[in-house]
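Okay, so here's the structure we're looking at.
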Amino acid sequence: KHDSPVSCAKKAKTVKAQQILLAELEAHPAAWPFLSPVNQKSVPGYRKVIKKPMDFSTIREKLTNNQYLSLESFIMDVNLVFDNCEKFNEDHSEIGQAGHSMRRYFDKRWTELLK
Ligand SMILES: CO[C@H](O)CCc1ccc(O)cc1
């Protein structure tokens with residue numbers, strides 16, 4: 001039922017890093033397309049094309065509810081946001097460019113924080 005102090009401290013470090021990373025993503029100037037779920041009623045084709053929608057507010061909810069059992073599952077959800085964006089938007093569109101910029105930033109920051 002109880003973690004050893006070492007694994008408990010390690011888990012706390014991971015949660016702290018996830019909170020820092022998510023706060024930085026939410027505060028990024030190019031985060032605006034990703035802050036809340038895409039409105040599938042007002043965006044034609046989105047529901048059919050994007051099988052697993054994801055956005056920063058949903059990740060925030062999951063993190064708050066301790067739904068990330070590993071660092072990997074957190075990183076997978078963040079990458080899902082950017083992969084969905086690449087699938088649905090042209091690379092050189094405004095939102096496409098925002099997605100590439102945010103992915104570059106995330107890759108750099110999680111490497112600095114956790115590698
Ligand atoms: C993260 O944004 C989504 O990819 C939806 C992008 C989109 C929404 C409405 C449009 O008219 C065009 C693109």
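Please tell me if P44 is within 9 Å of the ligand (Cβ to nearest atom), at pLDDT 95 or above and open to solvent by 20 Å² or more (accessible area, probe 1.4 Å).
Spelling it out, P44 is indeed within 9 Å of the ligand (Cβ to nearest atom), at pLDDT 95 or above and open to solvent by 20 Å² or more (accessible area, probe 1.4 Å).
Quick check on region 87-108. Is at least one of its residues under 13 Å from the mean Cα position of the chain (by Cα), free of Cβ contacts under 8 Å to residues at least 12 places away in the same chain and more than 13 Å from the ligand (Cβ to nearest atom)?
yes
Would you tally the residues in region 53-69 being without any contact (Cβ under 8 Å) to a residue 40 or more places away in the chain, part of a loop (DSSP other than H, G, I, E, B) and surrounded by 10 or more Cβ atoms within 10 Å (Cβ to Cβ)?
Residues meeting the conditions: 4.
So S36 ticks every box in (1) without any contact (Cβ under 8 Å) to a residue 24 or more places away in the chain; (2) in a helix (DSSP H, G or I); (3) within 16 Å of the ligand (Cβ to nearest atom) but one. Which box is left unticked?
(2)
Identify the single condition in (1) at pLDDT 95 or above; (2) outside any helix (DSSP H, G or I) that A30 does not satisfy, given that it satisfies every other one.
Condition not satisfied by A30: (2).
For residues in region 78-109 being of a type in the set (S, T, N, Q) and farther than 23 Å from K51 by Cβ, which is least open to solvent (accessible area, probe 1.4 Å)?
It comes out as S101.
Would you mind stating whether S73 is open to solvent by 20 Å² or more (accessible area, probe 1.4 Å), under 17 Å from A98 (Cβ atoms) and at pLDDT 95 or above?
No, not satisfied.
Among the residues that make up region 7-18, is at least one of them more than 10 Å from the ligand (Cβ to nearest atom), over 23 Å from E112 (Cβ atoms) and open to solvent by 60 Å² or more (accessible area, probe 1.4 Å)?
Yes - at least one qualifying residue is present in region 7-18.
The values are calculated or read from the model by the stated rules, or taken from the named source; none is laboratory data. For clarity, every value in this text was computed on a predicted model and none was experimentally measured. Please note: Cβ atoms are built from the backbone with ideal geometry, for glycine as well, and neighbour counts cover all protein chains shown. Please note that ligands, DNA and RNA were not included when accessible areas were found on the heavy atoms of the full protein model with its side chains. Shrake-Rupley method; radii C 1.70, N 1.55, O 1.52, S 1.80 Å.
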